[in-house]
Amino acid sequence: MLLLVLWGLVATRATNRFLPDPVTIADAFVDTWIGPAFVQDVLPSLYRLGLGVAASVVLGVAAGTVIGLTPWLRELLEPLLEFLRAVPPPVLIPVAMLLLGITDTMKVVVIVSGAVWPILLNTVEGVRGTDSVLTQTALSFRVTRWERLWFLVLPAASPRIMAGARQALSVALILMVISEMFASSAGLGYRIAYFQRNYLVAEMWSGILLLGGVGVLLAVVFGVVERRVLRWYHGTREVNRV
């Protein structure tokens, strides 16, 4: 609240037209996003974001589990994985446009190209860190490979997987906006860039605030999901503290 008051005081005294006051931005927010723009721009962006994150989780966990369980494969692919992770995903947008065209598929691929790495690498480390005593115990009791995977390996790696998913969510949100700024005729990123090019300053700031609100909402939802998925893990940590 104090920040809003300070912002209002600074904006009313400033002569810079690129720093509107909070009331002007709030009016622009209502006029811009409460209506057809929400359906035409916000919902498609959220759909592409959700699809990209879901694909990143599936690919990252599946590939990370295989690599983590296969030492020779991990040693073979480690240099390649480090190289691919170091490539900034935005530079792949022109390549994706040439191969896939200016489509939703292209935007989802761009999101996946950056968001998959935190999940994959954290999954590899989580699988590698499975307790060797528990693994040997499962082998001595002749637990099948699939049962070890579902009831030992993945639960043991789940804290690292969720940490990777949290990082991937932030990366995916950034790439969603960038992909829409480069090549799109709709979406949050496109609309913010459109406002900027046409000097619609209050509308531009309203889009930035909406994007920040989406990020906060996603973080809250992810926190709820994480607590449910890892309730056994947090419960164990509380017991150990006591």
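Among the residues of the range 162-186, the one identified as more than 20 Å from PRO36 (Cα to Cα), surrounded by fewer than 21 Cβ atoms within 10 Å (Cβ to Cβ), of a type in the set (Gly, Ala, Ser) and modelled with pLDDT under 90 is ALA183.
Where helices (runs of 4 or more DSSP H) fall entirely within the range 1-95, those with at least 1 residues that are at pLDDT 85 or above are at 22-33, 43-69, 71-86.
All conditions but one from (1) of a type outside the set (A, V, I, L, M, F, W, C); (2) open to solvent by less than 30 Å² (accessible area, probe 1.4 Å); (3) modelled with pLDDT under 90 apply to THR123; the one that does not is (3). Across the range 187-209, the qualifying residues are those that are closer than 20 Å to LEU43 by Cβ and open to solvent by less than 30 Å² (accessible area, probe 1.4 Å), and the one among them that is modelled with the lowest pLDDT is GLY187. Among the residues of the range 48-87, those that are open to solvent by 70 Å² or more (accessible area, probe 1.4 Å) and either of a type in the set (Lys, Arg) or in contact (Cβ under 8 Å) with a residue 24 or more places away in the chain (or both) comprise LEU51, LEU59, LEU69, ARG85. Of all the residues in the range 135-149, those that are part of a helix (DSSP H, G or I), open to solvent by 50 Å² or more (accessible area, probe 1.4 Å) and of a type outside the set (Ser, Thr, Tyr) number 6.
All conditions in (1) touching a residue at least 12 places away in the same chain (Cβ under 8 Å); (2) open to solvent by 50 Å² or more (accessible area, probe 1.4 Å) hold for SER132, with the sole exception of (1).
The values are calculated or read from the model by the stated rules, or taken from the named source; none is laboratory data. What you see is a predicted model, and the numbers here were worked out from it, not measured in a lab. All Cβ positions, even for glycine, are placed from backbone atoms using ideal geometry, and neighbour counts span all protein chains on display. With ligands, DNA and RNA removed, areas are computed over all heavy atoms of the protein, side chains included. Shrake-Rupley method; radii C 1.70, N 1.55, O 1.52, S 1.80 Å.
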